[in-house]
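Read-outs throughout are calculated quantities, based only on the coordinates presented, and are distinct from any laboratory measurement. Note that this is a predicted model, so its numbers are computed, not measured.
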Amino acid sequence: MSRTPFGSKGVEGDYSAPSSGSSSGGLSAFIDQGSEFEGKLSFKDTVRIDGRFRGEITSENTLIVGETGEIEASIRSKTVAVSGSVTGDIIAATKVVLHKTARVSGNIQTGSLVVEDGAEIDGSIKMGKSAGLKAVEGGAAKPPAPAKQS
């Protein structure tokens, strides 16, 4: 697994992870335990965060928050799997998986939610087909338009 510029401590700024050019959705970036990053992160493939991240995350594929991962960010992704700590709202088009060690303080909006026994959630949950999001050009997922009231 190759490392990206996230390997150093205290990195700040915007970073768009390169696409591997394959449709396999392979790991394109990794923020290791002990590393910190602050800013905007956007990517097309899978990113795993085991360090600290603060800012905004936008993805066309999968975000994995490892057990030592500490995220303070708004997250928009296709799929989000959490084993660590997330403070901020999660909007996932397809699925959110909260493993037994997950701690989420924020609202979750997703098409499907899997919660293992032991996971902690402090926020509201909106789930189902109407809550699922469509990926838009540029890799950003946007919240659905407000429902029309009759």
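Observations on the model:
- Residue pairs, from the table K78/K126; K44/K126; K40/K78; K44/K129; K95/K129, whose Cα atoms sit over 19 Å apart: K44/K126; K44/K129
- Whole-number D in µm²/s for region 29-114 (Stokes-Einstein; Kirkwood sum over Cα pairs; 10 °C, 1.306 mPa s): 131 µm²/s
- Cross-link reach is defined here as a Cα-Cα straight distance under 13 Å, omitting same-chain residues fewer than 8 places apart; for K100 the aspartates and glutamates meeting it are E67, E116, D117, E120.
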